[in-house]
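The values are calculated or read from the model by the stated rules, or taken from the named source; none is laboratory data. Just so it is clear, the model here is predicted, and its values are computed rather than measured. Cβ: placed from backbone, ideal geometry, glycine included. Neighbour counts: every protein chain shown. Protein only, heavy atoms only, side chains kept; ligands, DNA and RNA dropped before computing areas. Shrake-Rupley method; radii C 1.70, N 1.55, O 1.52, S 1.80 Å.
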Amino acid sequence: MTVLALLYGLSLYLHMPKYWETIVLSTLIYLLFTAATLRLIRLLVSFLAGGSEPHMNREGDRTFRRCGVRELCKLILLLMALRLIEILLTYVLHFRLFGYDGTFFEVQRIWLDYYHAETAFPLYGYLSNLFWVVSFNYNHARFIGSYLFTAMAGAALYYLVQLDFDRKTARRAVRYFFFLPASCLLMGTVPDGLFLLVSIGCLLFLRKRMYIVANAFALLATLTHALGALLFFPILLEYAVFVIDNVRSNREMEKGYTLKQVFNALSFLLVPIGIGLVILYSKARFDDPIALYRAAAETYGLTPCTLSDALFTWFDRVFEATRVIRPETVSVLLASVVFQVLYLVGGCVLVLLGCERIRSSHVLLMLLTIVAVLCTGRMSDTARYLTMTAPFVIVLAVRIRRAWVDFVLSIAFIGIWILYFYAVIAGYTGGLL
């Protein structure tokens, strides 16, 4: 606590914000982040020392009935049907805002403008291009890929949650996942749906203690998005506790144990290999090994910085924009600034709420995601990045137990989702950042 307070005080001394509102809001978020960090550290020490997580031993909440393929297929079809409603809603809102400006399918091009080859990691592009045999158009193929990947990610999330909790919690998690405000962006030609699918697959096989398969899915996540590298740390934590527990119980004396653990340990090289493959891809396609990272930094204005410096810089820019706000930019301010701030504050709160409620490795992934968002120096993609991290949804599903709270929160999510969907169609989600 002392170290974090000194670092924040030093940042204030070296980089004093221009506006007092920046100091207040930055301090609030920093306090939330600090509290979450300290609580997680205590939880990790207990986890490593005890070799188990007592808060996960809730036998009454567990679902022992096996989740079958038919159940998951029904869920995938339901999510695909709901996504079709979004396509219809896109046309209705576009017609309401701009009048007749193209046919039903021409209007859907709004979701095809998200893919940029110069900043896209390779796996999403290559996998989605397989659907070219259906559409004979690469833009449409990526759209179909995002549509299917997102539905399968929802089913994978359901399966993951019901392993530790009951089916009611799993259904709640899928509902929150679908109606998170920024989830509408999964409709676009972005790698988010595929990243959700492979990252949830990683956490799923980590839960089953299949470390080689979990690292293989982490490799796929690394080839899909830069956030995939963060999966290395929760897998390492779970594996370290697994080995410590085995040593305490003398399981290392079992036949074949050493050879199996050698393969498990070697599988942790898959994530660095994935980073190396991205560099090789960049070299082969752009004749520059760091072209993808450089293009992303230039396109999105990414500048590595400390947590507090990122908060000061971004909020100064936000409050400077509010000083010269014009009537025509109010909608943009609400959609692209206030929305991201709410996501960031909500994310820090969920890390706090997740401690001693979900797996420590999941909480660690949440905290690392927030650090990654802040340390890039650009927070306009905060909503997207937090939506791509499944444990945030799991915390919501686990913490909301009362029926009336679930109903109120679901209605609120649906309302905010509609507002943000409207803002995306109207073009209010860009600018000012």
For a quick check of your reading of the filter: which trypsin sites (Lys or Arg not before Pro) in segment 389-433 sit in a DSSP loop and have no more than 12 other Cβ atoms within 10 Å? ARG401, ARG402
Peptides ranked, highest mean first, by Cβ atoms within 10 Å: ranges 409-420, 353-364: 353-364, 409-420
Quick check: the distance between the Cα centres of segment 382-408 and segment 163-219, to the nearest angstrom? 13
Which of the aspartates and glutamates could be linked to LYS18 by a straight reach, that is with a Cα gap under 18 Å, when you skip same-chain ones fewer than 8 residues away? ASP309, ASP316, GLU320
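Semi-axes of the equivalent ellipsoid for segment 77-149, please: Cα gyration tensor eigenvalues, times 5, square-rooted, ordered largest first, whole Å. Walk me through the intermediate numbers first.
On the way: eigenvalues 112, 46, 24 Å².
Equivalent-ellipsoid dimensions as semi-axes: 24, 15, 11 Å.
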Two decimals is fine: what's Rg over Rh for the chain, C-alpha atoms, Kirkwood radius as Rh? 0.96
Roughly how many Å² of PHE268 are accessible to a 1.4 Å probe, to the nearest 10? 20
Cβ-placed point charges (K, R +1; D, E -1), dipole of the chain about Cα centre in debye, nearest 20: 1320
Take TYR257 and LEU236, extend 7 Å from each Cα along the Cα→Cβ direction, and tell me the distance between the two endpoints in nm. 2.5
Theoretical gain in end-to-end length, TYR13 to THR27 [0.36 nm per residue, Cα-Cα removed]: 3.7 nm
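Using packing as a proxy for protection, rank 1-13, 228-240 so that the peptide with the highest average count of other Cβ atoms within 10 Å comes first.
Working: 1-13: 12.6, 228-240: 20.8.
Order by mean packing, descending: 228-240, 1-13.
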Among the GluC sites (Glu not before Pro) within segment 64-155, which fall in a DSSP loop and have no more than 15 other Cβ atoms within 10 Å of their own Cβ? GLU118
Give me the number: length gained by fully extending VAL213 to VAL3, i.e. 0.36 nm times residue separation minus the C-alpha to C-alpha distance, one decimal in nm. 71.8 nm
Write out the chymotrypsin sites (Phe, Trp or Tyr not before Pro) in segment 69-102 meeting two conditions: DSSP loop, and at most 16 other Cβ atoms within 10 Å of their Cβ. TYR100
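What does the extension gain come out to for PHE105 and TYR126, with contour length at 0.36 nm per residue minus their alpha carbon separation?
Numbers: separation 21, 0.36 × 21 = 7.56 nm, distance 2.39 nm.
Result: 5.2 nm gained on full extension.
Quick check for you: with a 1.4 Å probe and neighbouring chains kept, what is the accessible area per residue of segment 104-230, in Å²?
Working: 4310 Å² over 127 residues.
That works out to 34 Å² per residue.
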